[in-house]
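First the structure, in the form of C-alpha cells, and then the observations on it.
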Amino acid sequence: MTFAELLQKYKDGTATEEEIRLVEAELEKSEAINEYLGEKIEQLADWEDWEKEFTSDSKKIRGAVNRKLWKMVLLVLLILVLLGALLYYVALPLYNEQFYDPYEVAEGVPDLRVKTEENQGYYETFTPLHVNIEAFLDLHCPGWMLQNEKVEALGLGRYETHIEVITGHTVKEYTAMVDKGEIQQGINPEWFFPTPHMGRFFDKGSDHFVVTFVDENGNSTRKQQEDSRSRYREELQKLPESAVMTAYVSFDDNMTVEELLAWEKEIDTSVIWAAVESGENSSLSEVGFDVHMGGQILETTEEFDALFPYLDVNSVNSKDAEDMAAIYEQHYKSLLNYMSYQEDFLHAFCTVNSYDSTSAYREALAYAEEQGVQIYGAVLSGSRDAMLQLEQRSEINSFLIDDVRLSQYS
C-alpha cells in the first residue's frame with residue numbers, strides 16, 4: 001500500500017492504530033522539514049536583500065570612482081592647457097625678449113606707431129625697422145629708397161625679414177633670417193645695404209688710380225690719376241646723346257651745404273647724395289645724406305621731432321623753406337643721432353657692411369657739431385653732355401661714372 005492510500009484511510013478514519021502511527025510519524029516528519037525549509041527561505045530572502053544592497057553600494061562606489069577619475073583627467077587636461085598658455089604667453093615672450101626684435105623700438109626712441117588725426121590710415125606703417133632702414137639708406141646708400149618691409153616672427157628669437165628697395169630705376173627684393181639677433185649670412189653675406197665702394201671718391205680711402213702730391217709746406221693732396229679720368233671722359237664721348245647716368249665726384253675743396261646747393265644751380269645735373277667728412281679716424285668709410293630724393297613722408301610726433309628734428313625732409317617744400325641748407329645740416333645730424341640709438345639693428349643687419357658700431361655715428365655727429373657739415377663729394381645724375389661739362393669743371397678733383405642707361409626711358 002502506498003503512503004497516499006494509507007493517508008486516505010487516515011482521513012476516512014478506517015486506518016488501524018498501526019497505520020495511524022505511521023501516518024502521524026510521517027506528518028510530523030513533514031512538518032519538521034517544512035519548518036526547516038521555511039527557515040532556509042527566510043535566510044535566502046535576507047541574502048537577496050543583502051545582495052541587492054551590496055550591488056547598489058557597488059554601483060555607488062563605481063560611480064564615485066568614475067567621477068573622481070574624470071575629475072583627475074579634467075584636472076590634468078586643465079594643467080596641460082595652463083602650462084601651454086604659460087609657455088606661449090609668458091615663457092616664450094620672456095625668452096624672445098632676450099634677443100633683437102626688428103619691430104621693437106630702441107630704448108630712448110619714441111615709437112611712431114601712434115595713431116593720430118594725420119596718420120589714421122597708415123600709422124602702423126612706420127615701424128622701428130622701417131624708420132631704421134630709411135635712415136640707414138639715407139646715410140649710406142645713394143639713390144636707394146625703401147618701398148616695403150615685412151617681418152614674420154617665427155619664435156625662439158627668429159625673424160624672417162623681407163625688404164623691397166628702389167635702386168635707381170629698378171626694384172630689388174631681399175630676404176634674410178635674423179636668428180637671436182644675428183643675420184644668417186649663408187653663402188652670400190651681402191645684405192640689402194650696399195654702400196659706395198671705397199675708391200669711387202678717388203681721393204678718399206683708396207690707392208687705386210690715385211696720385212698723392214706734396215706741396216712745399218708738406219701738405220699732401222690726393223688726386224685721381226689722369227689716365228683713369230681720361231678713360232671715363234673717352235667712354236662718355238662714345239655714348240649716345242640720349243644716355244643718362246650717375247656720377248661720383250669729389251671736390252678740390254670741401255663745401256658747406258649752402259655752397260653745394262648754390263653750386264648745383266650752376267650745373268646741368270642733379271645732386272642725389274652729398275658725401276660728408278666724418279673725421280680722420282672714422283670707421284664710416286662713406287657717409288652722407290640724400291638731396292631731393294623724395295619718397296614716403298614720415299609721419300612723426302612732437303616728441304620724436306624734438307629729439308630728431310628734420311630726420312625726414314620729404315615733407316619740407318624746398319621752395320617754401322627759408323633756409324634749406326640749415327634744414328639739410330640738421331637732417332644729417334639727426335640721422336647720425338638716430339643711428340646712435342640703433343645698436344641692435346646695426347648688429348643684426350649691418351655687420352656685413354662693417355657699420356655695426358653706434359660709437360662711429362656718435363663720433364661723426366661730434367665731428368659735424370665741431371667742424372660743421374663739410375661736403376667733400378657728391379653723387380649726381382644727368383645726361384651725357386651734362387656729365388662731359390661737369391668733368392671739365394675746375395673744382396672737380398675726381399670723376400667716376402656709373403649706372404649708365406641709353407636713355408631716361410630705358
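FYI, it's all coordinate maths here, none of it is from the lab. This one's a predicted model, so the numbers in the text were calculated from it and none came from an experiment. Every residue, glycine among them, receives a Cβ derived from its backbone with ideal geometry; neighbour counts consider all protein chains shown.
Can you run phi through the Karplus equation (6.51, -1.76, 1.60; θ = phi - 60°) for region 125-135 and list ³J(HN,Hα) in whole Hz, with x for Gly and Pro?
So the J values, rounded to whole Hz, are 5, 8, 6, x, 5, 4, 5, 4, 5, 4, 5.
May I ask you to sort Arg384, Arg200 by Cβ crowding, counting other Cβ atoms within 10 Å and putting the fewest first?
Ordered from fewest to most neighbouring Cβ atoms within 10 Å, Arg384, Arg200 come out as Arg384, Arg200.
Can you work out the Karplus-derived ³J(HN,Hα) for every residue in region 300-313? Use 6.51 cos²θ - 1.76 cosθ + 1.60 with θ = phi - 60°, whole Hz, and x for glycine or proline.
Listing the rounded values in order: 9, 10, 4, 5, 5, 5, 5, 8, 10, x, 6, 4, 10, 10 Hz.
As an exercise, identify the GluC sites (Glu not before Pro) in region 258-315 lying in DSSP coil whose Cβ has no more than 15 other Cβ atoms within 10 Å.
Glu280
Is region 250-314 rounded, prolate or oblate when judged by the Cα gyration tensor, a ≥ b ≥ c being the square roots of its eigenvalues, rounded requiring a/c under 1.5 and prolate requiring a/b larger than b/c?
The shape class here is oblate.
If we count every other residue with Cβ under 12 angstrom of Glu235's Cβ, Lys/Arg +1 and Asp/Glu -1, where does the sum land?
With Lys, Arg at +1 and Asp, Glu at -1, the neighbours total +2.
Quick one: order Val271, Val90 by neighbouring beta-carbon count within 10 Å, fewest to most.
Ranking Val271, Val90 by Cβ neighbours within 10 Å, fewest first, gives Val90, Val271.
Ranking Thr127, Thr170 by Cβ neighbours within 10 Å, fewest first, what do you get?
Ordered by Cβ neighbours within 10 Å, fewest first: Thr170, Thr127.
Calculate the dipole size of region 210-405 relative to its Cα centre from +1 charges on Lys and Arg beta carbons and -1 charges on Asp and Glu beta carbons; express the result in debye to the nearest 20.
The calculated dipole for region 210-405 is roughly 740 debye.
So what are the ³J(HN,Hα) numbers for region 240-256, from phi and the Karplus equation (6.51, -1.76, 1.60; θ = phi - 60°), rounded to whole Hz, Gly and Pro as x?
Computed from phi, the couplings for region 240-256 are x, 4, 6, 5, 10, 7, 10, 10, 9, 10, 10, 10, 4, 10, 4, 10, 7 Hz.
Which far-off residues, 5 or more places away or on another chain, put their amide H under 5 Å from the one on Glu104, with H placed in the peptide plane?
Excluding prolines and chain starts, which carry no amide H, there are no hits.
Hey, can you grab everything whose amide H is under 5 Å from the amide H of Arg158? Only 5+ residues off in sequence or another chain; H modelled, so Pro and N-termini drop out.
Lys180
Considering only Gln237, Leu311, Gly382, whose Cα is most displaced toward the positive end of the charge dipole of region 210-405, charges sitting on Cβ of Lys, Arg (+1) and Asp, Glu (-1)?
Gln237
With each label point set 7 Å from Cα along the Cα-Cβ vector, what nm distance links Gln392 and Lys150?
5.2 nm
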